[in-house]
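Below you'll find the structure, written out as structure tokens, and then a few comments.
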Amino acid sequence: MSKLQKFRIEWLKDEIFADWLKEVPEDISKAYCKFCLCTIRARRADLIKHTEEKKHKSAKTNTVQTHDNKLKIVESENMSIVPVEISSNDHEQNLTYQQRIEIQRKENMDLFETLGVYDVANNLMDSLNKHRADKLANKLNKKQTGVKRKRSPSRRSQRIAKLLDDGIDIISNKLRLESNENVHNTEENIPKSNLSNQISISIPQENITYFEKLNADISIERAAENSVHTYAIDRYTKVLGGLKMHGPPLKVAGNRIYSLAVHPSETSLIIAAGDLKGYIAFYNKNDSTNSPTTYKVHDTSVNCLSFCSWDPYKLFSTSHDGSVRCGDIVNYTFDMIYNTKLWVNDTTNSNFSTHTTWHTEYERNLLIGCGAGRVDLVDMRTPNKIQKTIQCHKRSVRTVQCHPLQNHYFLTSSALGEVSLWDIRNVTDKSLNPVLQFEHNAVMKSAFFSHSGINMISTSTDNFIRIFNTSELNETASKPVKKIPHNNNTGKWLSVIKAKWTPGRDDIFFTGSMISNPKRIEMYSSSGILLHNLIDKDYMTTYCPVIEAHPTQAIYVGGNSSGRIHIYSA
């Protein structure tokens, strides 16, 4: 051991250390402070440092040693001086270090007892325990006597949880309680009128002038030039690049737009829009007032609109209230042609639901999709009479469409994640089996054939757009040739996104987009390549999930949740 770490006897005579320093016989590398009752490393520098410490100086001030009677006096501001006799053994050099520590510990305990420290500590602990007990009792009394408040559950994102709006899992349990494209709140579901019982609704007299102008514009026939929809894909992509909005969006409806239809007129842009509350609005670009006219035609949302292919003066509308009407621009009426009350007494339908969702033309007839999973055939020559009924699905039919070239085939999509092809020639009183089923595992939004039927596109809630090659209707066609990741979840406050083919084409389709910056309408090729985005940062500032295109011109119309339409044209 070095000299610097060895206790030196001469330190005991040093006036700096003499009054407090003691030797530790068991460990010559240590020194003992009588004031602080602690050991220090036996090195002069450490001893000097110890004398300068605040703790040591305080202990030295509060401890007074008397040589005559060997008493230790403890002094404080709030207590008198209490003498405590110290055993003479403390000064005997033959005691070990541990023995001295034990003696000192006993002396400290006696001192605490003399000062009443233990009594004070016990009283303080009793007071704390009593305070805790009183606090707990008050809390229990409030729970028992207070008014119980019913806490509302925290909101969860059902899209992230991959649940339907009613909390049912999409993948594992294929059940759907409603076929409407969006969930309405309770007030919206309650009809404010009873229009579904009216066979015919006449246009008000003050709007006759508007319809006369509309009738005149439709009657102007102009042979359609070579439709831009027939251009090669590269040339058509350049046409898309030149489309833009020529003004702000037009307010045509008072509520969220659910459906759109663009008239095939070559002389005027005529648009029909159906909204959440059952109103149908007409917009005629050639009208001098340039103000749309709106009519209350249904009790609830208008899910589907289409201008008649064999009579340009008629408009078909399908509503969630269970009715389908034909708007007659010449006679100024909206006539009932179908109502689910026609089969309200059908006890064979185990899954009774009376709303309607979609319609499609079939040889001057209509195929109508229903919430009960059935498709009804109505002959336009004998309206309000069901010619045939096909039970296609256990739950709601979302969309129905006839094959463009082979009309006896029709395509359905359902809320159970099923897309099926049916042959209307095989309809009997017994159950009908589908000709073909297309693979899906999520709730469907829509399914549509392309212009000539060689391709089919589907939109579903699993955030995919699927493309099928249907040039040959066999088992090979049931598997998608392309799956495009796409956010299709519009939530509760937007209408549903449905990807659709551009009229007259088999290679380009359009869809709404949930990309927020900037808002857009997306144009894709049949191979899944994004060709172009219709964007206008100045005028298109909202999502447009509902989109339709002009049958022959490069005009795209998007509807939003505030009843406005965005028109893109050259």
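How far, in nm, would the chain grow between residue 469 and residue 379 when pulled straight, counting 0.36 nm per residue and subtracting the alpha carbon separation?
Values: separation 90, 0.36 × 90 = 32.40 nm, distance 3.14 nm.
Value of the extension gain: 29.3 nm.
In the neighborhood of residue 508, defined by Cβ-to-Cβ distances under 12 Å, what is the net charge if each Lys or Arg adds +1 and each Asp or Glu adds -1? Working shown, then result.
Details: positive: 235, 500, 505; negative: 234, 506, 507, 522.
Every neighbour counted, the sum reads -1.
Fully extended, how many nm does the chain gain between residue 244 and residue 104 (0.36 nm per residue separation, minus their Cα-Cα distance)?
Working: separation 140, 0.36 × 140 = 50.40 nm, distance 9.58 nm.
That works out to 40.8 nm of additional length.
Could you calculate the contour length gain from residue 251 to residue 267, that is, 0.36 nm times the residue separation minus the distance between their Cα atoms, to one decimal place in nm?
3.5 nm
Tell me, what are the semi-axes, in whole angstrom and largest first, of the equivalent ellipsoid of the stretch 198-568 as set by the roots of 5 times the Cα gyration tensor eigenvalues?
On the way: eigenvalues 168, 144, 72 Å².
Taking √(5λ) for each Cα gyration eigenvalue gives 29, 27, 19 Å.
I need the P(r) histogram for the stretch 329-424: all alpha carbon pairs, bin width 5 Å from 0 out to the longest distance, whole percents.
Binned Cα distances yield the sequence 3, 14, 25, 24, 19, 10, 4, 2, 0.
Would you list 117, 546 from fewest to most Cβ contacts within 10 Å? Could the numbers behind the result be given before it?
Working: 117 12, 546 26.
Ordered by Cβ neighbours within 10 Å, fewest first: 117, 546.
Run the simple label-point estimate for residue 406 and residue 342 please: 7 Å along Cα→C-beta, distance reported in nm.
My value for the distance between the label points is 2.7 nm.
Just need the relative contact order of the stretch 3-55 here, percent rounded to a whole number, with Cα pairs under 8 Å and 6+ apart.
Details: 67 pairs, mean separation 16.6, N = 53.
Taking the mean separation of contacting Cα pairs over the length of the stretch 3-55, I get 31 percent.
Starting from the 7 Å offset along Cα-to-Cβ, what nm value, one decimal, do you get for the label separation of residue 118 and residue 387?
For residue 118 paired with residue 387, the spin-label model returns 10.7 nm.
Grab the beta carbon distance between residue 213 and residue 433, set R0 = 51 Å, and tell me the FRET efficiency rounded to 0.05.
Working: r = 50 Å, r/R0 = 0.99.
My answer for the efficiency is 0.50.
Might you report the magnitude of the Cβ-based charge dipole of the stretch 494-570 about its Cα centre, with Lys and Arg at +1 and Asp and Glu at -1, to the nearest 20 debye?
Details: 7 positive and 6 negative charges, 36 e Å.
Using only the charged Cβ atoms, the result is roughly 180 debye.
In nm, give the distance between the simple-model label positions of residue 226 and residue 500, each being 7 Å from the Cα along the Cα-to-Cβ direction.
For residue 226 paired with residue 500, the spin-label model returns 2.7 nm.
Read the figures in this text as sums done on the coordinates, not as results from a lab. Here the structure is a predicted model, which means the values were calculated and not measured. Quick reminder, even Gly has a Cβ in these numbers, built from the backbone with ideal geometry, and neighbours come from all protein chains shown.
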